[in-house]
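In what follows, a single structure is set out as structure tokens and then discussed.
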Amino acid sequence: MGGTPGQGRQAGGTPRAALADLLAGNRRFVSGQPIHGHDVTAAAAASGDQQPYAVVLGCIDSRVPLEAIFDQTFGAICVIRTGGHVLDRAVCGSIEYVVGQLGVPLVMVLGHERCGAVGAAVDALRTGERPGGSLAYLVDEIAPAVTGIGVDDPAVHPLAIRRHVGRTVRTLRDDDLLAGPVAAGRVAVTGGLYDLATGEVALLDPG
Ligand SMILES: [Zn+2]
């Protein structure tokens, strides 16, 4: 089923309308009344040119399936997922493509409670044992959020999760190809936090 496109899905939509649509989808999800079933007819209906209205960067966590928690159908949002929504050039390039080539007005960075990637960074800083392989990259990218809170703070994990969302938002706002559209108000980069237990997305002020 295709559902009813909201204001955010109109061509040339504003960041505000896109955010309203995204949050309306989360309210449908939370209330147990999603309108998108992810069936093959929805895939076929969206098989022409894509006109997504938002891009969501989230974590790989299996408990946070982004199209489901925002109740979005095929063709509605672009989704990028990395451990702890850590940025790299491929992620930034993908967002630049979606904003610059597809005209998407909204970028949402979505963190979540009990994030294992942030937990790994906390553990690495507490123990002084940096993980091997490319996991070290994730930990290194998250570490400033942990040290910004203080590794000995009893609430370092939940606070670092929020701080890391803010850092990611600010980094994207300063991105070479995003800074101009953001300054002009054509594009918004917004932070959010997902509650694993309730399914709710709360907006975060990145500071
Ligand atoms: Zn996570």
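Tabulated data for the structure shown
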item	result
Pairs where the first residue, in region 157-175, is polar (S, T, N, Q) and the second is not in a helix (DSSP H, G or I), C-beta under 7 Å, 6+ apart	THR168/LEU87; THR168/VAL109; THR171/LEU87
Among the candidates GLY192, GLY185, residue that is within 20 Å of the chain's Cα centre (by Cα) and within 15 Å of the ligand (Cβ to nearest atom)	GLY192
All positions within region 22-37 that are touching a residue at least 60 places away in the same chain (Cβ under 8 Å) and among the polar types (S, T, N, Q)	ASN26
Check on VAL104, part of a helix (DSSP H, G or I), closer than 23 Å to GLY166 by Cβ, away from the ligand (no atom under 16 Å from the Cβ) and not acidic (Asp, Glu)	no
Tabulated pairs, region 73-95, first in contact (Cβ under 8 Å) with a residue 40 or more places away in the chain and more than 22 Å from ALA143 (Cβ to Cβ), second within 16 Å of the ligand (Cβ to nearest atom) and outside any loop (DSSP other than H, G, I, E, B), C-beta under 9 angstrom, 6+ apart or interchain	ILE77/VAL56; ILE77/LEU66; ILE77/MET108; ILE95/LEU57; ILE95/ILE80
Search result, residues across region 154-176 that are surrounded by 14 or more Cβ atoms within 10 Å (Cβ to Cβ) and either modelled with pLDDT under 95 or part of a loop (DSSP other than H, G, I, E, B) (or both)	ASP175
Any hit, region 151-159, residues being within 16 Å of the ligand (Cβ to nearest atom), of a type in the set (Asp, Glu) and farther than 21 Å from ASP21 by Cβ	no
VAL56 under 23 Å from LEU193 (Cα atoms), crowded, with 20+ Cβ neighbours inside 10 Å, without any contact (Cβ under 8 Å) to a residue 60 or more places away in the chain and within 16 Å of the ligand (Cβ to nearest atom)	yes
Of residues in region 194-205 being surrounded by fewer than 19 Cβ atoms within 10 Å (Cβ to Cβ) and of a type outside the set (Val, Ile, Thr), the one farthest from ARG16 (Cα to Cα)	ALA197
Residue in region 69-82 that is part of a helix (DSSP H, G or I), surrounded by 14 or more Cβ atoms within 10 Å (Cβ to Cβ) and within 16 Å of the ligand (Cβ to nearest atom) present	yes
Condition met for GLY93 (under 30 Å from ALA46 (Cα atoms), within 12 Å of the ligand (Cβ to nearest atom) and at pLDDT 95 or above)	no
First in region 38-53 and free of Cβ contacts under 8 Å to residues at least 40 places away in the same chain and in a helix (DSSP H, G or I), second anywhere and crowded, with 16+ Cβ neighbours inside 10 Å and not polar (S, T, N, Q), Cβ under 6 Å, 6 or more apart	ALA43/PHE74
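The values are calculated or read from the model by the stated rules, or taken from the named source; none is laboratory data. The shown structure was predicted, so the numbers you read here are calculated from the model rather than taken from an experiment. In this analysis, Cβ positions are derived from the backbone assuming ideal geometry, glycine residues included, and neighbour counts consider all displayed protein chains.
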